Amino acid sequence: MFVTDARVRAAYAEGAGIYRILPAAVAIPESQDDVVALVRQARESHLHLIPRGAGSGMPGGNVGNGVIVDLSIGFADLVVDPHARTARAGASVTWAEVNDAAKPYGLRLPPDPSSGAFATSGGMVATNAAGPRTVRYGSVRPWVEALEIVDAEGSVRILERGAGNHGSFTLTPDSRLLIPERFPKTRKNSSGYALDRFAETGDEIDLLVGSEGTLAIVTAVQWRLDPIPADVAGAALGFADLESMTEAVPYLVSLNPSALELLDESLLQFVPDAPKVACLLLIEFERETATAARGVVGDAVRGLKHSVTHVQTAVDRSGLEQLWSVRRMASPALARLPPTQRSLQLVEDGCVPLDALGAYVTGLRAAAGGRGISVAIFGHAGDGHVHVNALPDTTRDGWREALRGLFDDVTDLLIRLGGVPSGEHGVGRLRAGILERFYGPQVMALFRDVKRAYDPLSIFNPGVIIPATDWSPMTALKVGADAAAIPEDIATRLREVERSAAWATPKLELAH
Ligand SMILES: Cc1cc2nc3c(=O)[nH]c(=O)nc-3n(C[C@H](O)[C@H](O)[C@H](O)COP(=O)(O)OP(=O)(O)OC[C@H]3O[C@@H](n4cnc5c(N)ncnc54)[C@H](O)[C@@H]3O)c2cc1C
(Lines give C-alpha, C1' and ligand atoms only; values in the text may rest on other atoms or scores of the structure.)
Protein backbone atom coordinates (compact mmCIF):
# COMPACT_ATOMS: atom_id res chain seq x y z
CA MET A 1 0.00 0.00 0.00
CA PHE A 2 1.35 3.45 -0.93
CA VAL A 3 -0.63 6.35 0.58
CA THR A 4 -0.36 10.11 0.08
CA ASP A 5 -3.60 11.00 1.89
CA ALA A 6 -2.98 14.04 4.14
CA ARG A 7 -4.54 12.49 7.28
CA VAL A 8 -2.46 9.33 6.97
CA ARG A 9 0.71 11.37 6.48
CA ALA A 10 -0.19 13.36 9.60
CA ALA A 11 -0.62 10.15 11.61
CA TYR A 12 2.99 9.26 10.78
CA ALA A 13 4.42 12.74 11.42
CA GLU A 14 5.48 11.96 15.01
CA GLY A 15 7.30 9.24 16.86
CA ALA A 16 8.33 9.25 20.50
CA GLY A 17 10.76 12.13 21.05
CA ILE A 18 10.56 15.76 20.07
CA TYR A 19 9.87 15.97 16.35
CA ARG A 20 6.89 16.45 14.07
CA ILE A 21 7.81 16.12 10.35
CA LEU A 22 5.19 15.45 7.68
CA PRO A 23 6.29 12.65 5.34
CA ALA A 24 5.69 12.89 1.59
CA ALA A 25 3.93 9.51 1.64
CA VAL A 26 3.52 6.31 3.65
CA ALA A 27 4.21 2.82 2.30
CA ILE A 28 2.93 -0.27 4.12
CA PRO A 29 4.63 -3.31 2.55
CA GLU A 30 3.09 -6.72 3.13
CA SER A 31 5.98 -8.87 1.95
CA GLN A 32 9.68 -8.84 1.19
CA ASP A 33 8.76 -8.54 -2.52
CA ASP A 34 6.91 -5.31 -1.73
CA VAL A 35 10.02 -3.95 0.01
CA VAL A 36 12.20 -4.93 -2.96
CA ALA A 37 9.80 -3.15 -5.35
CA LEU A 38 9.76 -0.08 -3.12
CA VAL A 39 13.56 0.18 -2.98
CA ARG A 40 13.80 -0.23 -6.75
CA GLN A 41 11.17 2.48 -7.20
CA ALA A 42 13.12 4.71 -4.79
CA ARG A 43 16.29 4.20 -6.87
CA GLU A 44 14.51 5.20 -10.07
CA SER A 45 12.49 8.10 -8.68
CA HIS A 46 15.07 9.45 -6.18
CA LEU A 47 12.82 8.83 -3.19
CA HIS A 48 14.09 8.74 0.39
CA LEU A 49 12.82 5.83 2.48
CA ILE A 50 12.40 6.04 6.25
CA PRO A 51 12.09 2.51 7.68
CA ARG A 52 9.87 2.44 10.72
CA GLY A 53 8.60 -0.04 13.32
CA ALA A 54 6.32 1.02 16.17
CA GLY A 55 7.63 4.61 16.11
CA SER A 56 8.76 4.44 19.74
CA GLY A 57 12.35 5.45 19.00
CA MET A 58 13.27 8.77 20.60
CA PRO A 59 15.87 10.65 18.48
CA GLY A 60 13.84 11.10 15.28
CA GLY A 61 15.11 8.21 13.13
CA ASN A 62 11.50 7.16 12.56
CA VAL A 63 10.23 10.46 11.08
CA GLY A 64 11.25 12.50 8.06
CA ASN A 65 10.04 14.21 4.92
CA GLY A 66 10.55 11.22 2.58
CA VAL A 67 8.44 8.07 2.38
CA ILE A 68 7.78 6.34 5.70
CA VAL A 69 8.01 2.55 5.29
CA ASP A 70 5.84 1.05 8.03
CA LEU A 71 7.25 -2.40 8.83
CA SER A 72 5.20 -2.87 12.00
CA ILE A 73 2.41 -4.83 10.32
CA GLY A 74 3.31 -7.10 7.40
CA PHE A 75 6.22 -9.08 8.88
CA ALA A 76 4.62 -10.94 11.79
CA ASP A 77 6.02 -14.49 11.26
CA LEU A 78 7.52 -16.01 14.40
CA VAL A 79 9.02 -19.47 14.79
CA VAL A 80 10.82 -20.66 17.94
CA ASP A 81 13.28 -23.52 17.64
CA PRO A 82 13.72 -24.73 21.24
CA HIS A 83 16.52 -27.17 20.34
CA ALA A 84 18.63 -24.60 18.53
CA ARG A 85 17.51 -21.99 21.12
CA THR A 86 16.61 -19.47 18.42
CA ALA A 87 13.59 -17.51 17.30
CA ARG A 88 13.10 -16.35 13.73
CA ALA A 89 11.01 -13.21 13.96
CA GLY A 90 9.70 -11.01 11.18
CA ALA A 91 10.57 -7.32 11.50
CA SER A 92 7.12 -6.51 12.99
CA VAL A 93 7.36 -9.01 15.88
CA THR A 94 7.75 -7.30 19.25
CA TRP A 95 10.11 -8.23 22.08
CA ALA A 96 7.07 -9.31 24.15
CA GLU A 97 5.84 -11.61 21.38
CA VAL A 98 9.27 -13.26 21.08
CA ASN A 99 9.35 -13.83 24.83
CA ASP A 100 5.76 -15.07 25.10
CA ALA A 101 6.52 -17.66 22.41
CA ALA A 102 9.85 -18.67 23.99
CA LYS A 103 8.64 -18.91 27.61
CA PRO A 104 6.91 -22.31 27.36
CA TYR A 105 10.33 -23.74 26.46
CA GLY A 106 11.98 -22.02 29.45
CA LEU A 107 13.74 -19.59 27.09
CA ARG A 108 13.88 -15.82 26.64
CA LEU A 109 15.61 -12.97 24.81
CA PRO A 110 17.58 -11.54 27.77
CA PRO A 111 18.04 -7.83 26.86
CA ASP A 112 14.74 -6.36 28.05
CA PRO A 113 13.84 -2.89 26.75
CA SER A 114 11.14 -1.26 28.91
CA SER A 115 9.38 -0.67 25.60
CA GLY A 116 9.28 -4.43 24.91
CA ALA A 117 5.48 -4.46 24.67
CA PHE A 118 5.69 -2.51 21.43
CA ALA A 119 9.32 -2.29 20.21
CA THR A 120 9.61 -4.35 17.01
CA SER A 121 12.40 -6.74 16.11
CA GLY A 122 13.38 -4.45 13.22
CA GLY A 123 13.43 -1.38 15.50
CA MET A 124 15.39 -3.14 18.27
CA VAL A 125 18.05 -4.32 15.82
CA ALA A 126 18.23 -0.91 14.14
CA THR A 127 18.83 0.90 17.47
CA ASN A 128 20.84 -1.82 19.24
CA ALA A 129 18.18 -1.67 21.95
CA ALA A 130 18.90 -2.60 25.56
CA GLY A 131 17.28 -2.70 28.98
CA PRO A 132 17.84 -3.18 32.71
CA ARG A 133 19.28 -6.70 32.20
CA THR A 134 21.88 -5.40 29.75
CA VAL A 135 24.24 -4.98 32.71
CA ARG A 136 24.62 -8.76 32.64
CA TYR A 137 23.52 -9.82 29.16
CA GLY A 138 24.59 -6.93 26.90
CA SER A 139 22.51 -5.01 24.35
CA VAL A 140 20.65 -6.90 21.60
CA ARG A 141 23.72 -7.01 19.28
CA PRO A 142 25.25 -10.31 20.53
CA TRP A 143 21.78 -11.91 20.49
CA VAL A 144 21.37 -11.40 16.72
CA GLU A 145 22.33 -14.62 14.90
CA ALA A 146 21.16 -13.67 11.43
CA LEU A 147 19.40 -10.87 9.56
CA GLU A 148 17.32 -10.80 6.41
CA ILE A 149 17.68 -7.45 4.72
CA VAL A 150 16.74 -5.66 1.54
CA ASP A 151 19.78 -3.63 0.53
CA ALA A 152 20.02 -0.36 -1.41
CA GLU A 153 20.21 -2.26 -4.72
CA GLY A 154 16.82 -3.75 -3.96
CA SER A 155 18.33 -7.21 -3.41
CA VAL A 156 17.43 -9.60 -0.59
CA ARG A 157 20.44 -10.69 1.47
CA ILE A 158 20.78 -13.06 4.43
CA LEU A 159 23.60 -12.21 6.83
CA GLU A 160 24.68 -14.91 9.24
CA ARG A 161 26.86 -14.40 12.28
CA GLY A 162 30.28 -15.93 11.77
CA ALA A 163 29.98 -15.85 7.99
CA GLY A 164 32.30 -12.82 7.85
CA ASN A 165 31.96 -9.72 5.75
CA HIS A 166 30.49 -10.01 2.29
CA GLY A 167 29.53 -6.36 2.20
CA SER A 168 31.19 -3.53 0.38
CA PHE A 169 32.89 -1.88 3.38
CA THR A 170 36.30 -2.97 4.67
CA LEU A 171 38.71 -1.43 7.14
CA THR A 172 42.28 -0.47 6.21
CA PRO A 173 45.12 -1.36 8.62
CA ASP A 174 45.36 2.34 9.59
CA SER A 175 41.70 2.62 10.47
CA ARG A 176 41.98 -0.58 12.51
CA LEU A 177 44.56 1.21 14.64
CA LEU A 178 42.50 4.38 14.88
CA ILE A 179 39.22 2.81 16.02
CA PRO A 180 40.25 1.51 19.46
CA GLU A 181 41.91 4.87 20.14
CA ARG A 182 38.88 6.95 19.23
CA PHE A 183 35.94 4.86 20.46
CA PRO A 184 34.78 5.83 23.97
CA LYS A 185 35.19 3.23 26.74
CA THR A 186 31.58 3.02 27.87
CA ARG A 187 29.75 -0.24 28.63
CA LYS A 188 26.96 0.60 26.17
CA ASN A 189 26.90 2.54 22.93
CA SER A 190 24.24 3.21 20.28
CA SER A 191 26.01 6.25 18.83
CA GLY A 192 26.97 5.62 15.22
CA TYR A 193 28.13 2.54 13.32
CA ALA A 194 29.77 -0.01 15.64
CA LEU A 195 33.15 0.00 13.92
CA ASP A 196 34.79 -1.16 17.14
CA ARG A 197 32.75 -4.39 17.16
CA PHE A 198 33.11 -4.78 13.39
CA ALA A 199 36.91 -4.41 13.67
CA GLU A 200 36.95 -7.23 16.25
CA THR A 201 34.54 -9.67 14.62
CA GLY A 202 34.70 -8.80 10.92
CA ASP A 203 31.00 -9.63 11.00
CA GLU A 204 28.75 -7.55 8.77
CA ILE A 205 25.88 -8.05 11.22
CA ASP A 206 27.76 -5.83 13.66
CA LEU A 207 27.61 -2.93 11.20
CA LEU A 208 23.93 -3.43 10.51
CA VAL A 209 22.89 -3.64 14.19
CA GLY A 210 22.53 -0.07 15.38
CA SER A 211 22.50 1.39 11.86
CA GLU A 212 19.08 3.04 12.44
CA GLY A 213 17.59 2.29 9.04
CA THR A 214 20.41 4.08 7.19
CA LEU A 215 22.05 1.08 5.47
CA ALA A 216 19.25 -1.40 4.66
CA ILE A 217 15.72 -2.44 5.56
CA VAL A 218 15.55 -5.37 7.97
CA THR A 219 12.72 -7.79 7.16
CA ALA A 220 13.52 -10.61 9.64
CA VAL A 221 15.81 -11.37 12.58
CA GLN A 222 17.10 -14.66 13.91
CA TRP A 223 17.37 -14.16 17.68
CA ARG A 224 19.51 -16.32 19.96
CA LEU A 225 17.61 -17.29 23.11
CA ASP A 226 18.82 -18.15 26.60
CA PRO A 227 17.37 -20.30 29.43
CA ILE A 228 15.36 -18.38 32.03
CA PRO A 229 17.28 -18.57 35.33
CA ALA A 230 15.47 -20.46 38.06
CA ASP A 231 15.63 -17.97 40.91
CA VAL A 232 15.79 -14.31 41.63
CA ALA A 233 16.18 -11.98 44.61
CA GLY A 234 17.00 -8.33 45.02
CA ALA A 235 17.03 -5.15 47.04
CA ALA A 236 16.29 -1.42 47.03
CA LEU A 237 19.20 0.54 48.47
CA GLY A 238 18.90 4.24 49.30
CA PHE A 239 21.83 6.69 49.56
CA ALA A 240 22.11 10.13 51.16
CA ASP A 241 24.37 11.48 48.43
CA LEU A 242 25.56 10.74 44.91
CA GLU A 243 29.15 10.07 46.00
CA SER A 244 28.24 7.07 48.14
CA MET A 245 25.97 5.73 45.38
CA THR A 246 28.80 6.05 42.82
CA GLU A 247 31.19 4.21 45.13
CA ALA A 248 28.63 1.44 45.66
CA VAL A 249 28.02 0.76 41.96
CA PRO A 250 31.34 -0.98 41.04
CA TYR A 251 31.01 -3.19 44.14
CA LEU A 252 27.46 -4.18 43.17
CA VAL A 253 28.49 -4.78 39.54
CA SER A 254 31.25 -7.10 40.80
CA LEU A 255 28.50 -9.29 42.33
CA ASN A 256 27.17 -9.94 38.80
CA PRO A 257 23.65 -8.51 39.10
CA SER A 258 21.08 -9.01 36.34
CA ALA A 259 19.86 -5.42 36.78
CA LEU A 260 21.13 -2.36 38.64
CA GLU A 261 18.87 0.62 38.18
CA LEU A 262 19.13 4.22 39.39
CA LEU A 263 16.26 6.45 40.50
CA ASP A 264 17.43 9.97 41.32
CA GLU A 265 15.53 12.20 43.76
CA SER A 266 14.55 14.38 40.76
CA LEU A 267 12.41 11.42 39.66
CA LEU A 268 11.49 10.04 43.09
CA GLN A 269 9.75 13.34 43.92
CA PHE A 270 7.03 12.39 41.42
CA VAL A 271 6.37 9.00 43.08
CA PRO A 272 4.01 8.98 46.07
CA ASP A 273 5.49 7.25 49.18
CA ALA A 274 8.94 6.86 47.58
CA PRO A 275 11.79 6.67 50.13
CA LYS A 276 13.26 10.06 51.05
CA VAL A 277 16.79 9.56 49.74
CA ALA A 278 19.12 11.39 47.34
CA CYS A 279 19.07 8.35 45.07
CA LEU A 280 17.85 4.78 45.09
CA LEU A 281 19.47 1.74 43.49
CA LEU A 282 17.25 -1.20 42.57
CA ILE A 283 19.24 -4.39 42.21
CA GLU A 284 18.24 -7.83 40.91
CA PHE A 285 20.26 -11.05 41.09
CA GLU A 286 19.32 -14.04 38.96
CA ARG A 287 20.78 -17.34 40.12
CA GLU A 288 20.21 -21.06 39.65
CA THR A 289 19.02 -21.62 43.25
CA ALA A 290 17.06 -19.58 45.80
CA THR A 291 19.91 -19.98 48.29
CA ALA A 292 22.40 -18.48 45.86
CA ALA A 293 20.09 -15.59 44.97
CA ARG A 294 19.36 -14.77 48.62
CA GLY A 295 22.99 -15.21 49.55
CA VAL A 296 24.22 -12.61 47.10
CA VAL A 297 21.58 -10.10 48.27
CA GLY A 298 23.03 -10.61 51.77
CA ASP A 299 26.52 -9.95 50.40
CA ALA A 300 25.32 -6.75 48.73
CA VAL A 301 23.66 -5.38 51.87
CA ARG A 302 26.51 -6.37 54.21
CA GLY A 303 29.14 -4.89 51.88
CA LEU A 304 27.37 -1.53 51.83
CA LYS A 305 26.12 -1.34 55.42
CA HIS A 306 28.14 1.81 56.12
CA SER A 307 26.94 3.74 53.09
CA VAL A 308 23.23 2.94 52.62
CA THR A 309 20.54 4.86 54.47
CA HIS A 310 17.60 2.75 53.34
CA VAL A 311 17.40 -1.02 52.70
CA GLN A 312 14.52 -3.21 51.56
CA THR A 313 15.08 -6.73 50.30
CA ALA A 314 12.99 -9.17 48.27
CA VAL A 315 13.57 -12.91 48.24
CA ASP A 316 11.39 -13.95 45.31
CA ARG A 317 9.91 -12.70 42.04
CA SER A 318 6.70 -11.26 43.50
CA GLY A 319 8.56 -9.43 46.28
CA LEU A 320 10.90 -8.01 43.69
CA GLU A 321 7.98 -6.88 41.52
CA GLN A 322 6.64 -4.96 44.50
CA LEU A 323 10.01 -3.39 45.25
CA TRP A 324 10.37 -2.27 41.63
CA SER A 325 6.87 -0.76 41.48
CA VAL A 326 8.50 2.54 42.46
CA ARG A 327 10.16 2.57 39.02
CA ARG A 328 6.96 1.69 37.17
CA MET A 329 5.00 4.39 39.04
CA ALA A 330 7.35 7.11 37.81
CA SER A 331 6.17 7.09 34.16
CA PRO A 332 2.44 7.57 34.86
CA ALA A 333 3.35 10.30 37.36
CA LEU A 334 5.33 12.12 34.67
CA ALA A 335 2.43 11.67 32.23
CA ARG A 336 0.16 13.52 34.68
CA LEU A 337 2.27 16.70 34.60
CA PRO A 338 0.31 19.88 33.81
CA PRO A 339 -0.22 20.37 30.04
CA THR A 340 2.18 23.34 29.96
CA GLN A 341 5.05 21.23 31.26
CA ARG A 342 6.17 18.86 28.50
CA SER A 343 8.44 15.91 29.06
CA LEU A 344 10.93 16.18 26.20
CA GLN A 345 13.64 13.68 25.28
CA LEU A 346 16.60 15.76 24.20
CA VAL A 347 19.49 14.68 26.44
CA GLU A 348 17.79 11.46 27.42
CA ASP A 349 20.35 8.79 26.68
CA GLY A 350 23.92 9.72 27.68
CA CYS A 351 26.26 6.97 28.84
CA VAL A 352 29.57 7.45 30.69
CA PRO A 353 32.32 5.18 32.03
CA LEU A 354 31.15 3.69 35.32
CA ASP A 355 33.49 5.74 37.50
CA ALA A 356 32.05 8.97 36.04
CA LEU A 357 28.42 8.18 36.94
CA GLY A 358 28.27 10.46 40.00
CA ALA A 359 30.02 13.31 38.17
CA TYR A 360 27.57 12.93 35.30
CA VAL A 361 24.45 13.06 37.49
CA THR A 362 25.90 16.02 39.45
CA GLY A 363 26.73 17.79 36.17
CA LEU A 364 23.25 17.08 34.77
CA ARG A 365 21.57 18.55 37.84
CA ALA A 366 23.80 21.64 37.65
CA ALA A 367 23.24 22.13 33.91
CA ALA A 368 19.46 21.81 34.27
CA GLY A 369 19.45 24.17 37.28
CA GLY A 370 21.59 26.68 35.38
CA ARG A 371 19.12 26.67 32.49
CA GLY A 372 16.07 26.81 34.76
CA ILE A 373 14.66 23.50 33.46
CA SER A 374 13.31 20.76 35.74
CA VAL A 375 14.56 17.29 34.93
CA ALA A 376 13.74 13.76 36.04
CA ILE A 377 16.83 11.52 36.13
CA PHE A 378 16.87 7.71 36.21
CA GLY A 379 18.65 4.95 34.39
CA HIS A 380 20.84 1.92 34.24
CA ALA A 381 23.43 2.61 36.96
CA GLY A 382 25.35 -0.62 36.37
CA ASP A 383 26.13 0.52 32.82
CA GLY A 384 26.80 4.19 33.65
CA HIS A 385 23.78 4.99 31.50
CA VAL A 386 21.39 7.76 32.51
CA HIS A 387 17.98 8.77 31.14
CA VAL A 388 16.87 12.37 31.58
CA ASN A 389 13.41 13.72 30.91
CA ALA A 390 13.65 17.49 30.46
CA LEU A 391 10.43 19.09 31.75
CA PRO A 392 10.39 22.66 30.42
CA ASP A 393 7.46 24.99 31.02
CA THR A 394 6.56 25.69 27.40
CA THR A 395 4.54 28.80 28.33
CA ARG A 396 7.70 30.48 29.62
CA ASP A 397 9.51 32.89 27.30
CA GLY A 398 12.84 31.54 26.16
CA TRP A 399 12.13 27.85 26.92
CA ARG A 400 13.49 26.82 23.53
CA GLU A 401 16.78 28.66 23.99
CA ALA A 402 17.09 27.22 27.49
CA LEU A 403 16.52 23.72 26.12
CA ARG A 404 19.08 24.22 23.36
CA GLY A 405 21.50 25.48 26.04
CA LEU A 406 20.89 22.30 28.04
CA PHE A 407 21.58 20.18 24.95
CA ASP A 408 24.92 21.96 24.44
CA ASP A 409 25.86 21.81 28.15
CA VAL A 410 25.16 18.09 28.36
CA THR A 411 27.07 17.42 25.13
CA ASP A 412 30.11 19.23 26.61
CA LEU A 413 29.71 17.32 29.87
CA LEU A 414 29.56 13.94 28.13
CA ILE A 415 32.65 14.71 26.05
CA ARG A 416 34.53 15.83 29.18
CA LEU A 417 33.63 12.60 30.99
CA GLY A 418 34.55 10.31 28.07
CA GLY A 419 30.92 9.38 27.42
CA VAL A 420 28.67 8.86 24.40
CA PRO A 421 25.43 10.69 23.58
CA SER A 422 23.39 7.48 23.26
CA GLY A 423 23.60 4.24 25.20
CA GLU A 424 20.55 2.58 23.61
CA HIS A 425 18.16 4.94 21.78
CA GLY A 426 20.42 5.85 18.87
CA VAL A 427 21.63 9.01 17.17
CA GLY A 428 18.65 9.70 14.92
CA ARG A 429 18.38 13.25 13.58
CA LEU A 430 18.72 14.74 17.04
CA ARG A 431 22.34 13.82 17.70
CA ALA A 432 23.70 13.44 14.13
CA GLY A 433 25.37 16.86 14.24
CA ILE A 434 27.32 16.22 17.45
CA LEU A 435 28.77 12.78 16.61
CA GLU A 436 31.96 14.25 15.16
CA ARG A 437 32.70 15.97 18.48
CA PHE A 438 32.69 12.57 20.21
CA TYR A 439 34.66 10.56 17.65
CA GLY A 440 36.74 13.14 15.76
CA PRO A 441 36.86 13.82 12.00
CA GLN A 442 38.67 10.61 11.03
CA VAL A 443 36.10 8.24 12.54
CA MET A 444 33.32 10.46 11.20
CA ALA A 445 34.90 10.07 7.74
CA LEU A 446 34.78 6.28 8.24
CA PHE A 447 31.08 6.56 9.18
CA ARG A 448 30.52 8.40 5.88
CA ASP A 449 32.44 5.66 4.04
CA VAL A 450 30.17 3.02 5.61
CA LYS A 451 27.09 4.93 4.48
CA ARG A 452 28.47 5.39 0.95
CA ALA A 453 29.44 1.72 0.67
CA TYR A 454 25.97 0.46 1.61
CA ASP A 455 23.76 3.24 0.30
CA PRO A 456 25.58 5.28 -2.36
CA LEU A 457 22.38 7.01 -3.53
CA SER A 458 21.41 7.89 0.05
CA ILE A 459 18.01 6.27 -0.23
CA PHE A 460 17.75 5.14 3.39
CA ASN A 461 17.03 7.68 6.12
CA PRO A 462 19.20 10.63 5.04
CA GLY A 463 20.01 12.98 7.94
CA VAL A 464 20.14 10.10 10.45
CA ILE A 465 23.60 9.27 11.90
CA ILE A 466 25.23 11.27 9.05
CA PRO A 467 23.98 14.82 9.62
CA ALA A 468 22.12 16.86 7.01
CA THR A 469 24.06 19.96 5.88
CA ASP A 470 21.49 22.20 7.64
CA TRP A 471 21.40 20.07 10.83
CA SER A 472 19.91 21.65 13.91
CA PRO A 473 18.59 19.61 16.87
CA MET A 474 15.74 22.00 17.61
CA THR A 475 13.91 22.41 14.30
CA ALA A 476 10.63 20.67 13.45
CA LEU A 477 9.58 20.31 17.09
CA LYS A 478 6.16 18.80 17.87
CA VAL A 479 5.71 21.42 20.61
CA GLY A 480 5.23 25.17 20.21
CA ALA A 481 3.49 27.60 17.89
CA ASP A 482 5.57 26.73 14.83
CA ALA A 483 4.95 22.95 14.98
CA ALA A 484 3.87 21.65 11.54
CA ALA A 485 0.11 22.00 11.09
CA ILE A 486 -1.78 18.68 11.24
CA PRO A 487 -5.50 18.03 11.88
CA GLU A 488 -6.36 18.80 15.51
CA ASP A 489 -7.96 15.41 16.18
CA ILE A 490 -4.86 13.56 14.94
CA ALA A 491 -2.58 15.80 17.03
CA THR A 492 -4.69 14.94 20.10
CA ARG A 493 -4.51 11.21 19.37
CA LEU A 494 -0.75 11.34 18.84
CA ARG A 495 -0.40 13.13 22.18
CA GLU A 496 -2.48 10.41 23.83
CA VAL A 497 -0.29 7.71 22.26
CA GLU A 498 2.72 9.45 23.76
CA ARG A 499 1.20 9.93 27.22
CA SER A 500 0.00 6.35 27.48
CA ALA A 501 2.94 4.79 25.59
CA ALA A 502 0.39 3.23 23.20
CA TRP A 503 2.97 2.87 20.43
CA ALA A 504 1.55 -0.50 19.42
CA THR A 505 -1.53 1.31 18.04
CA PRO A 506 -1.56 0.89 14.23
CA LYS A 507 -0.93 4.42 12.99
CA LEU A 508 -3.54 4.08 10.21
CA GLU A 509 -6.15 3.92 13.00
CA LEU A 510 -5.15 7.40 14.12
CA ALA A 511 -6.10 8.76 10.71
CA HIS A 512 -9.61 7.28 10.58
C1 LIG B 1 8.15 4.51 27.01
C2 LIG B 1 9.38 4.10 26.24
C3 LIG B 1 10.34 3.32 26.85
C4 LIG B 1 11.50 2.96 26.16
N5 LIG B 1 12.39 2.14 26.77
C6 LIG B 1 13.48 1.71 26.07
C7 LIG B 1 14.42 0.80 26.67
O8 LIG B 1 14.27 0.38 27.81
N9 LIG B 1 15.48 0.41 25.92
C10 LIG B 1 15.66 0.84 24.64
O11 LIG B 1 16.65 0.43 24.00
N12 LIG B 1 14.80 1.70 24.05
C13 LIG B 1 13.72 2.13 24.72
N14 LIG B 1 12.83 2.98 24.12
C15 LIG B 1 13.07 3.43 22.74
C16 LIG B 1 12.46 2.51 21.65
O17 LIG B 1 11.39 1.76 22.16
C18 LIG B 1 13.52 1.59 21.07
O19 LIG B 1 14.49 2.37 20.39
C20 LIG B 1 12.96 0.55 20.08
O21 LIG B 1 13.98 -0.36 19.75
C22 LIG B 1 12.40 1.16 18.82
O23 LIG B 1 11.61 0.19 18.18
P24 LIG B 1 10.45 0.63 17.19
O25 LIG B 1 9.86 -0.61 16.60
O26 LIG B 1 9.50 1.53 17.87
O27 LIG B 1 11.29 1.39 16.07
P28 LIG B 1 11.05 2.85 15.46
O29 LIG B 1 10.97 3.85 16.52
O30 LIG B 1 9.95 2.80 14.49
O31 LIG B 1 12.43 3.03 14.67
C32 LIG B 1 13.62 3.27 15.37
C33 LIG B 1 14.79 3.30 14.37
O34 LIG B 1 14.92 2.03 13.78
C35 LIG B 1 14.78 2.10 12.36
N36 LIG B 1 14.01 0.92 11.96
C37 LIG B 1 12.84 0.49 12.49
N38 LIG B 1 12.46 -0.65 11.91
C39 LIG B 1 13.39 -0.95 10.98
C40 LIG B 1 13.56 -2.01 10.04
N41 LIG B 1 12.68 -3.02 9.95
N42 LIG B 1 14.64 -1.99 9.24
C43 LIG B 1 15.57 -0.99 9.33
N44 LIG B 1 15.45 0.03 10.19
C45 LIG B 1 14.38 0.05 11.01
C46 LIG B 1 14.09 3.42 12.09
O47 LIG B 1 14.44 3.94 10.82
C48 LIG B 1 14.60 4.28 13.23
O49 LIG B 1 15.83 4.84 12.89
C50 LIG B 1 11.68 3.40 24.82
C51 LIG B 1 10.69 4.18 24.21
C52 LIG B 1 9.56 4.54 24.89
C53 LIG B 1 8.53 5.37 24.20
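The values are calculated or read from the model by the stated rules, or taken from the named source; none is laboratory data. All of these numbers come straight from a predicted model, not from anything done at the bench. Counting neighbours? That spans all protein chains shown, and the Cβs are built from the backbone with ideal geometry, glycine included. Just the protein is used for accessible areas: all its heavy atoms, side chains included, with ligands, DNA and RNA removed. Shrake-Rupley method; radii C 1.70, N 1.55, O 1.52, S 1.80 Å.
Overview of results
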| quantity | calculated |
| --- | --- |
| Solvent exposure, largest accessible area first (probe 1.4 Å, DNA, RNA and ligands not counted), of Arg448, Arg342 | Arg448, Arg342 |
| Cα-based shape type of the stretch 153-224, given that a ≥ b ≥ c are square roots of the gyration tensor eigenvalues and the cut on a/c is 1.5 | prolate |
| Heavy-atom accessible area ranking, 1.4 Å probe, most first, across Thr172, Thr291 | Thr291, Thr172 |
| Amide H contacts of Phe75 (H built 1.01 Å from N, under 5 Å, at least 5 apart or other chain) | Ser92 |
| For the stretch 2-143: relative contact order, % (alpha-carbon pairs under 8 angstrom, 6 or more apart) | 19 |
| Accessible surface of the stretch 391-512, 1.4 Å probe, proportion on carbon and sulfur as whole % | 53 |
| Low-density loop positions, trypsin sites (Lys or Arg not before Pro), the stretch 140-199 - DSSP coil, at most 16 other Cβ in 10 Å | Lys185 |
| Solvent accessible area, Å² - Thr362, 1.4 Å probe, full protein context | 70 |
| With DNA, RNA and ligands ignored, accessible area of Glu44 (1.4 Å probe; Å², nearest 10) | 150 |
| Hits among aspartates and glutamates - C-alpha to C-alpha of Lys478 under 12 Å, sequence gap 8 or more where chains match | Glu14, Glu498 |
| Length-normalised contact order for the stretch 145-190 - Cα pairs under 8 Å, 6+ apart - percent | 23 |
| Rotationally averaged projected area of the chain (alpha carbon convex hull; nm²) | 22.2 |
| Net charge, Lys185 excluded, C-beta distance under 13 Å - Lys, Arg +1, Asp, Glu -1 | -1 |
| Electrostatic dipole magnitude of the chain [Cβ: Lys, Arg +1; Asp, Glu -1; Cα centre; debye, to 20] | 520 |
| Listed residues Met474, Met329, Met124, Met58 arranged by accessible area, highest first, probe 1.4 Å | Met329, Met58, Met474, Met124 |
| Charge tally in the Cβ shell below 13 Å around Gly74, where Lys, Arg are +1 and Asp, Glu are -1, Gly74 excluded | -4 |
| Area of Leu391 that stays accessible when all protein chains are in place (1.4 Å probe, Å², to 10) | 0 |
| Over 31 Å (Cα to Cα) - which of Lys185/Lys451; Lys103/Lys188; Lys103/Lys507; Lys188/Lys305; Lys103/Lys451 fall in this group | Lys103/Lys451 |
| Carbon/sulfur fraction of accessible area - the stretch 152-204, other protein chains in place, 1.4 Å, % | 50 |
| For the chain: accessible area per residue (Å², 1.4 Å) | 38 |
| For the stretch 1-65, convex hull volume per residue from C-alpha positions, Å³ | 82 |
